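Taking it in order: structure first as structure tokens, then the write-up.
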Amino acid sequence: MIELSSVSAGYQAVPAISDVSITICEGEAVGLLGANGAGKSSTLRVISGLLRPTSGSVMFMGQNIATRAPYNIVELGIAHVPEGRRVFPEMTVEENLEIGAYVPAAKADRRKTMELVYSIFPRLADRRKQLAGTMSGGEQQMLAVGRGLMLKPRLLMLDEPSLGLAPVMCDVTFDKIREIHKMGTAILLVEQNVSRALTLVDRAYVLESGRIIMHGKSEELANDRRVQAAYLGL
């Protein structure tokens, strides 16, 4: 479905990722793990067109999207749910969701898709007329994910969905991501909570200082002593 090959990118003269290669198959859940500043969010920004690679290629469904504008990449079916939720606080839940379906293919089915989102997140249905800025952090995270689903994406990229959430809301969030994955949506998950992420994804890549230092099936990484020492506190 999507393949990054030897991708490097940075911010002016400061490199963010170097020689990163990642593959995600149709319907697969893949994790991108590592500490703060490892280059995880930058990798998502490269895929969504917000950060231009200085070298390498980004292939999605057979097309090189490395030089495409972000809105073109969205139209291809890649949804990016950024870190920090970034909902529109002065708009209602329903209005936030409608904005997620702004591309023509998604707009045509937005009512049907919205009901699907409400079935996954019943709490959003109860608050559909409530201003997003008045909701809890966990509810705003649900809204951010739901807004991404309104695009009817083939690939849903989630950047730190558990950040700042209470433990009970982390559980709910991961359960909902698992439910979305079971529906057949491919997921690329950036997450600092490595132990929880490895229970959700099929495979994972570990980034350190902008480079991939290991990758493999989630069970293999969970049992790897280097991962256990660096990220699992074992």
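The values are calculated or read from the model by the stated rules, or taken from the named source; none is laboratory data. Quick caveat, the model's predicted, so the values are computed rather than measured. With ideal geometry, Cβ positions are generated from the backbone for all residues, glycine too; neighbour counts draw on all protein chains shown.
Put simply, of E219, E191 the only residue that is under 21 Å from L156 (Cα atoms) and among the acidic types (D, E) is E191. Of the residues making up the stretch 115-131, one or more are more than 15 Å from the chain's Cα centre (by Cα), surrounded by 20 or more Cβ atoms within 10 Å (Cβ to Cβ) and under 29 Å from M59 (Cα atoms). Checked against (1) surrounded by 15 or more Cβ atoms within 10 Å (Cβ to Cβ); (2) in contact (Cβ under 8 Å) with a residue 60 or more places away in the chain; (3) in the same structural domain as A29 (by TED's automatic domain parsing), S209 passes all but a single condition, namely (1).
Picking from residues in the stretch 175-219 that are in a helix (DSSP H, G or I) and in contact with a Phe, Trp or Tyr (Cβ under 7 Å, 6 or more places away or on another chain), the one that is farthest from L33 (Cα to Cα) is K176.
Let's see how each residue does on (1) assigned to a loop (DSSP other than H, G, I, E, B); (2) under 15 Å from the mean Cα position of the chain (by Cα); (3) of a type in the set (D, E, K, R); (4) more than 14 Å from L155 (Cβ to Cβ):
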residue: A9; (1), (2), (3), (4): no, no, no, yes
residue: D19; (1), (2), (3), (4): no, no, yes, yes
residue: I22; (1), (2), (3), (4): no, yes, no, no
residue: V30; (1), (2), (3), (4): no, yes, no, no
residue: A38; (1), (2), (3), (4): yes, no, no, yes
residue: S42; (1), (2), (3), (4): no, yes, no, yes
residue: G49; (1), (2), (3), (4): yes, yes, no, no
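May I ask you to list the residues in the stretch 51-94 that are in a loop (DSSP other than H, G, I, E, B), of a type in the set (S, T, N, Q) and under 21 Å from M1 (Cβ atoms)? Result: T67, single match.
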